Amino acid sequence: MTVISEPLAAPRRASSEPRDIGGIIKLVAVSLIALVIVSPLIVLVVGSLKADRFQILADMGTFRAFWVDNPTLQNFRDMWVFSGALPFGRYLLNSLVILFVTVIGGVFLNSMAAFVLAWGRLPGRAVILAALVALYIVPQESIVLPLLTIINRIGLSDSFAAQILPFMASPLYIFLIYQFFIQIPRDIYDAATVDGAGPFRIYWSVFLPISLPVLATVAILLGIETWNQYLWPLMVTQTDYARPISVGIASFFGTGTIYWNNAMAASVMMMIPVLIFYLAFQRWFVSSFISSAVKG
């Protein structure tokens, strides 16, 4: 007796429609969030390209705020001046000088302090680390008046030094680099010592080259913090000699007439350098967070 078996049914393929729908929903949600975050920047850039300040106010609250019919760079030409009542070219140059010196000096100063804490023969290291964490908790606004008194007593008011020296060293950045340094194997330090290298040579030739991710992270955080300073430069600058662009932009407001086109152009001028600064260091910045997550 011959038994004829029915062909086996092909296995059902799992439907990919729910997965596709879920991916589309995620894409739409992320796009909406990104649009909400980026839309003020788009309005700022578009407004800086409009010649009529009254048209900027009329377009606010409508979709025309995201579009310009006849773009012009005249607002930027008006702001790129180095003399007069509002020399925004000088303000921008002052901010760049303060940013460059503060970041370069701060990276080396904080990293040297972190190296001494991590590998130096320093008595009471635990107490010093606890003091650093405690100092970070103290808000900056609570010490500006004593700091201003010190700056005036030593004759540094209305200068670049008054805006650079108080912020080069930071408990947060010292502790951040210290956490990276103590994770470096002891064998590397001992091998350099056997080769006859002194503490500074070990710091400069061994530790700094392998610490680029954390140093880039400190450079970005310190750079953004320095660039966005407003209260302290407002208190220590009285003339255009060392005034940064953050204080200069505030001069547009508080009066009866606000030139929104020039104010937006100046804001874009302030935004571009720090954006370039972040893009230059973002590769090390991201790798630092990735390595911290893996080690954690």
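The values are calculated or read from the model by the stated rules, or taken from the named source; none is laboratory data. Values in this document were obtained by computation on a predicted structure and should not be read as measured data. With ideal geometry, Cβ positions are generated from the backbone for all residues, glycine too; neighbour counts draw on all protein chains shown. Remember, those area values only see protein heavy atoms, side chains included, never the ligands or the DNA or RNA. Shrake-Rupley method; radii C 1.70, N 1.55, O 1.52, S 1.80 Å.
Annotations
- Of the listed requirements (1) at pLDDT 90 or above; (2) under 20 Å from the mean Cα position of the chain (by Cα), THR217 misses just one: (1).
- Of the residues making up region 143-150, none is surrounded by fewer than 13 Cβ atoms within 10 Å (Cβ to Cβ), part of a helix (DSSP H, G or I) and either in contact with a Gly (Cβ under 7 Å, 6 or more places away or on another chain) or among the acidic types (Asp, Glu) (or both).
- Residue match in region 114-121 (condition: within 28 Å of ILE174 (Cα to Cα) and in a loop (DSSP other than H, G, I, E, B)): yes
- Just one of the listed residues (LEU109, LEU96, LEU117, LEU86) is in contact (Cβ under 8 Å) with a residue 12 or more places away in the chain, touching a Pro at 6+ places or on another chain (Cβ under 9 Å) and either open to solvent by less than 80 Å² (accessible area, probe 1.4 Å) or closer than 16 Å to TYR203 by Cα (or both), and it is LEU96.
- All helices (runs of 4 or more DSSP H) inside region 186-241 with 1 or more residues being touching a Leu at 6+ places or on another chain (Cβ under 7 Å) and of a type in the set (Ser, Thr, Tyr): 212-227
- For SER95, the stated conditions hold: it is closer than 26 Å to ILE37 by Cβ and of a type in the set (Ser, Thr, Tyr).
- Test for VAL247: is it hydrophobic (A, V, I, L, M, F, W, C), surrounded by 19 or more Cβ atoms within 10 Å (Cβ to Cβ), more than 25 Å from TYR136 (Cα to Cα) and assigned by TED's automatic domain parsing to the domain that holds THR149: yes
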